[in-house]
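Notes to accompany the following structure.
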Amino acid sequence: MDLNDKLVYKKNFIWEKISDDDRKKVFELGDEYKKFIDSSKTERLSIKEIIKRAEACGFKDIRDLKEVKEGTKVYHVNREKSAVLAVIGKEKIENGMNIVGSHVDSPRLDLKQNPLYEEHGVSLLKTHYYGGIRKYQWVTIPLAIYGTVIKANGEKIEIAIGDEENDPVFCITDLLPHLAKEQSDKKLAEAFEGENLNVIIGSLPADGMHEEKNDKKFKLNVLRLLNEKYGMIEEDFQTAEFEIVPAGKSRDLGIDRGMILGYGHDDRVCAYTSLKAILEMDKPEVTSVALFADKEEVGSIGNTGMHSEFFNNMTAELIMLQNGSSYSDISLRRALANSRMLSSDVSAGVDPIYPNVSEMQNAAVMGKGVAMVKYTGSKGKSGANDASAEYIGKLRKLFNENEVMWQSAELGKVDQGGGGTIAYIMANLNMDVVDIGVPVLSMHAPFEIVSKTDVFMTYKAYKVFYDKCK
């Protein structure tokens, strides 16, 4: 490489630089990832799949351990919606950990507590959208329903309808263009109201009802069917969590099969790549941690979001198990402050149809590698974690020396908008943190797009970070 090449910063396409063997791995990893994401359409299902794979690789529930030592593989699940996996390293946990943290919740529609009603011969469910959706994208597409129901007797049942081959699906209607003049005259953000995102669940009346007593017969038919299959009554909706997600499996996108179209890439593509990386760890120098959080899309709040103490509590437990039941608060504080973290979240890829919202010198291009976002936030870096030059420099050296193709990126033009991740929350614990993850097209849409080469390179980045960052 001559001096001129060294002077100019270039972002190369991964496909042009990797070996034939790695090209094969790109497609193999893409197929593995599709299986993961298809089985993980909610945060509960994601955690269930993560723990199933972890246990198959020798990870043990922290509640079953009396000590941890070098090479111990351990997990902790928090309320079925968040989890931590750790592989204990040679060094003391107090000296710091290498953490990759993602989130497993995705934008969706949730059912209200009293959702079921009927109008004009149709039974419907009222919803409340979760996270930053664009409402018009959720109408007239096939939808599936996933639910966890706690019945009056305390029994817990799981419901999943819409993704199996012979399942019915559900849908939200939209106006025909012939009658949509008033709707079309509105601004896009106003044309589709949240209160109108109501899902059709049935259209047949209950049998055996007298005509003079036909009130609620369509709603009653739905309740009869739910009772026959699941033993549900209407009041059970109030003690349940139901999520409406796009129906159907993820698919290869493009004649070259270079991309994946699917629901929930934000942020399960980063959850998957960090999971795969930690499952391959054996006896690291530094304790490796994969963190899977809930509630990121609504501010990381609640007892399963990153603002809760579940991660700190597990770290305290690990320190105690490593030190023979000896523990002090200062050990926990040192462990957190000495740690390094990759906030494993997706970034916005440059959309070739809408490039004007990106500032091209500082934008993530699909197929050019894992995106490192020094700061997120909005406008004047409001709400951002702004990683230090020293930490970025350490990762730059690490990735360049280990053939990890990466690119620096921002979330669009300065005044275009913005967004946040869990990075600032973890940085508040005084650890070094930076966002690094897969570029995505159509982020927060029912079906998002990722490049298989970026997925492969993100997995490689996390693996190198676990193996060699000190």
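For (1) modelled with pLDDT of 95 or more; (2) at positive phi; (3) among the hydroxyl-bearing types (S, T, Y), each residue gets a yes or a no:
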| residue | (1), (2), (3) |
| --- | --- |
| A240 | yes, no, no |
| I244 | yes, no, no |
| A247 | yes, no, no |
| L253 | yes, no, no |
| A271 | yes, no, no |
| E280 | yes, no, no |
| A290 | yes, no, no |
| S308 | yes, no, yes |
| S326 | no, no, yes |
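Please give the number of the condition I301 fails out of (1) closer than 17 Å to T72 by Cα; (2) of a type in the set (A, V, I, L, M, F, W, C); (3) part of a loop (DSSP other than H, G, I, E, B).
Condition not satisfied by I301: (1).
Just to check your reading of the model, which residue among E241, E235 is in contact (Cβ under 8 Å) with a residue 60 or more places away in the chain, in a strand (DSSP E or B) and either under 27 Å from E158 (Cβ atoms) or of a type in the set (G, A, S) (or both)?
E241
List the number of the failed condition for V365; all other conditions in (1) closer than 24 Å to K463 by Cβ; (2) over 21 Å from the mean Cα position of the chain (by Cα) hold.
Evaluating V365 over (1) closer than 24 Å to K463 by Cβ; (2) over 21 Å from the mean Cα position of the chain (by Cα) leaves (2) as the failure.
Only one of (1) farther than 30 Å from K60 by Cβ; (2) under 26 Å from the mean Cα position of the chain (by Cα) fails for N356. Which number is that?
(2)
Since H444 meets every condition but one in (1) on the phi > 0 side of the Ramachandran plot; (2) modelled with pLDDT under 95, which condition does it not meet?
Only one criterion is unmet by H444, namely (2).
Only one of these is farther than 22 Å from P142 by Cα and either surrounded by fewer than 15 Cβ atoms within 10 Å (Cβ to Cβ) or more than 32 Å from the chain's Cα centre (by Cα) (or both): N227, N221, N196. Name it.
None of the others qualify; the one that does is N227.
Mind listing whichever residues of the stretch 139-175 are on the phi > 0 side of the Ramachandran plot and touching a strand residue (DSSP E or B) at 6+ places or on another chain (Cβ under 7 Å)?
T140, G162
Exactly one condition in (1) assigned to a helix (DSSP H, G or I); (2) touching a strand residue (DSSP E or B) at 6+ places or on another chain (Cβ under 6 Å) is not met by S288; state its number.
The failed condition is (1).
Filtering the stretch 90-110 down to residues that are surrounded by fewer than 24 Cβ atoms within 10 Å (Cβ to Cβ) and touching a Ser or Thr at 6+ places or on another chain (Cβ under 6 Å), which residue is nearest to W138 (Cα to Cα)?
Quick first cut of the stretch 90-110, residues surrounded by fewer than 24 Cβ atoms within 10 Å (Cβ to Cβ) only: 90-92, 94-96, 107, 110.
Retained after the next criterion (residues that are touching a Ser or Thr at 6+ places or on another chain (Cβ under 6 Å)): 94, 96.
On the way: E94: 47, G96: 44 Å.
The qualifying residue nearest to W138 (Cα to Cα) is G96.
Of the residues that make up the stretch 331-344, is at least one assigned to a loop (DSSP other than H, G, I, E, B) and more than 17 Å from T315 (Cα to Cα)?
Yes, because at least one residue in the stretch 331-344 is assigned to a loop (DSSP other than H, G, I, E, B) and more than 17 Å from T315 (Cα to Cα).
The rows are residues; the columns are (1) outside the structural domain of V26 (by TED's automatic domain parsing); (2) out of contact with any helix residue (DSSP H, G or I) (no Cβ under 9 Å at 6 or more places or on another chain); (3) on the phi < 0 side of the Ramachandran plot; (4) surrounded by 14 or more Cβ atoms within 10 Å (Cβ to Cβ).
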| site | (1), (2), (3), (4) |
| --- | --- |
| R333 | no, yes, yes, yes |
| L342 | no, no, yes, yes |
| I353 | no, yes, yes, no |
| K379 | no, yes, no, no |
| A387 | no, no, yes, yes |
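The values are calculated or read from the model by the stated rules, or taken from the named source; none is laboratory data. Bear in mind the structure is a predicted one, so any value in this text is a computation, not a measurement. Glycine gets a Cβ as well: all are built from the backbone with ideal geometry, and neighbour counts include every protein chain shown.
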